[in-house]
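Read the structure below first, then the notes.
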Amino acid sequence: MVSILQNLYPWNIRKPKHQIIRRYLGHRLRSPRFVAIVINYAFPLRSMYVTSFTSSETRAVSMLATLYIVRMLGLFMVLPLIAIYSSDMTGATPFLLGLAVGAYGLTQATLQIPMGWLSDRIDRRWVIVFGLCLLLAGSVVAAYSTSIWGVIAGRFLQGAGAIASATMALVADYTRVEQRAKASAIIGGSIAIAFGLALVLGPTFANFGGLQAVFAVTALLALAGILVVGLLPEPDRQAAKARDEAAGFHRSRLAEVLSIKSLNTMYISIFFLHFLLMAVFVVVPSGLEAEAGIARERHALAYLGALILSVPGIYFLVQGRRYLSAPTRTLLLCLFVLLSGLVAMSLGGFIGTLLGLLLFFTGFTALEAMLPSLASIYAPAASRGTAMGVFASSQFIGVFFGGMLGGALLDQAGVMGVWLGMSALTLVLATVLGVSHLESPDSVKVA
């Protein structure tokens, strides 16, 4: 506990020797309980991270994070593969390849709210199992398809297993209110882990059996996810019911979270961010072959190297949670890094492609970590679930349109058209952030 407090606050809690503070607080500063009260009052945002999980919360959150990794790993593994492994399928065109990349986003966005609504009325675990069964079915359909339309159908079916809202609701069922932000952050971090693993494991599995092998592994991951759900403990039904009644879906809450300027900026940002990601992966795999001269069998090493080398940059951007005191400036810095990556990749060549990939991953991953955290802080406590549902839907809509329009750009304007279009889109997002004047979350009251 002491080490956590020392990391979060600029003074040494264990040895309170700051004379200015002692002058005002005197001997009371020696009381741990008084210190906790002062911290919770003066620093409500940071105090969310001071208390610890109970053993049951630790078990539940760990298992749900594992479930998220298993599911998202299956969806992400094909991102660096579809553009190069499906290009010789029957009926394949650049536009349809892009549609196959982002198809799952449309059904994800469409079914998030219905699946969340269903999880409020029956056991959430059964809703999650149903969603994983759809992921399994979609993977089987895509694995046995010989045409691009079969892959697209499989991806749509994979996305229909929209369990994000049910899973986050289950996180709330298992955790106390003061632990919910930390639990949500852990779940969000698991998505980043899944993305990184997918970029390495996808090409590795493809070396043994092409795209069919990757979809087969995804089906096995869906089965593993079902086993994880079976091991989840029984949630407190009475507490869960009370929370559902207090935080149910209401039109007024939807209107509220759509009227907050800072939240709208987060929705727009996550939409554009995942739009960029999907569009970029329409052209990056072929760029590694054509521009960098890296055989597809070695793509996993290229992605792994870029991810590892991006860690120091990501740490620099998010260290000390600096984005909480200056969100606009930090987000713009991340966008500058991301834009630099797009420009470098557009120049081509071995160095340009790999350096661009490194910079793109650095900017993207940092933004992916910051935006959900900021959105959850800007959201009113009573409407936080609704706000995060809109946030997730915005993300998945960006996935769908990014893949589809990225493929259309490639079809009509070529690779350079994609790079120019995505660079222009990044500048648009930078403009939106620049004029939004985001308030510092340190000044937002957290409930």
Can you find even one residue in region 96-104 that is in contact (Cβ under 8 Å) with a residue 40 or more places away in the chain, more than 18 Å from V390 (Cβ to Cβ) and more than 22 Å from the chain's Cα centre (by Cα)? yes
Of residues in region 360-383 being buried (at least 24 other Cβ atoms within 10 Å of the Cβ) and free of Cβ contacts under 8 Å to residues at least 60 places away in the same chain, the one nearest to I186 (Cα to Cα): A366
All but one of (1) in contact with a Phe, Trp or Tyr (Cβ under 6 Å, 6 or more places away or on another chain); (2) at pLDDT 90 or above; (3) not basic (K, R) hold for F95; state the number of the condition that does not hold. (1)
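Let's see how each residue does on (1) among the hydroxyl-bearing types (S, T, Y); (2) out of contact with any Pro (no Cβ under 9 Å at 6 or more places or on another chain); (3) under 19 Å from L99 (Cβ atoms):
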site	(1), (2), (3)
V141	no, yes, yes
I148	no, yes, yes
Y174	yes, no, no
A192	no, yes, no
F205	no, yes, no
Under the condition of being over 22 Å from the mean Cα position of the chain (by Cα) and polar (S, T, N, Q), which residue from region 173-217 is surrounded by the fewest Cβ atoms within 10 Å (Cβ to Cβ)? N207
In this structure, does I128 turn out to be touching a helix residue (DSSP H, G or I) at 6+ places or on another chain (Cβ under 8 Å), crowded, with 20+ Cβ neighbours inside 10 Å and at pLDDT 80 or above? yes
Failed item in (1) within 26 Å of E439 (Cβ to Cβ); (2) touching a residue at least 60 places away in the same chain (Cβ under 8 Å), with N264 passing the rest: (2)
Give all pairs with beta carbons closer than 8 Å in which a residue from region 329-343 that is over 19 Å from H437 (Cβ atoms) meets a residue that is crowded, with 17+ Cβ neighbours inside 10 Å and charged (D, E, K, R); count only pairs at least 6 apart in sequence or on separate chains. none
Checking the conditions here, which among L433, L420, L355, L405 is assigned to a helix (DSSP H, G or I), free of Cβ contacts under 8 Å to residues at least 40 places away in the same chain and among the aliphatic types (A, V, I, L, M)? L355
T330, sole failed condition from (1) of a type outside the set (F, W, Y); (2) modelled with pLDDT under 90; (3) within 25 Å of G189 (Cα to Cα); (4) over 19 Å from the mean Cα position of the chain (by Cα): (4)
Which of the following residues is farther than 30 Å from P233 by Cβ and crowded, with 22+ Cβ neighbours inside 10 Å: G138, G161, G98? G98
Filter region 267-285 down to the residues that are over 13 Å from the mean Cα position of the chain (by Cα) and of a type in the set (A, V, I, L, M), then identify the one that is nearest to S440 (Cα to Cα). I268
Among V337, V318, the single one that is outside the structural domain of L99 (by TED's automatic domain parsing), surrounded by fewer than 21 Cβ atoms within 10 Å (Cβ to Cβ) and farther than 24 Å from I82 by Cβ is V318
Collect the residues in region 98-122 that are of a type in the set (S, T, Y) and at pLDDT 85 or above, keeping them in residue-number order. Y104, T107, T110
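Could you go through region 294-311 and let me know if any residue there is under 27 Å from T431 (Cβ atoms) and part of a helix (DSSP H, G or I). First the steps, then the outcome.
Going through region 294-311, the residues under 27 Å from T431 (Cβ atoms) turn out to be 310.
From what is left, the residues that are part of a helix (DSSP H, G or I) are 310.
Within region 294-311, one or more residues are under 27 Å from T431 (Cβ atoms) and part of a helix (DSSP H, G or I).
The values are calculated or read from the model by the stated rules, or taken from the named source; none is laboratory data. Because the structure is a prediction, the values reported are computed rather than measured. Glycine also receives a Cβ, built like all others from the backbone with ideal geometry; neighbour counts cover every protein chain displayed.
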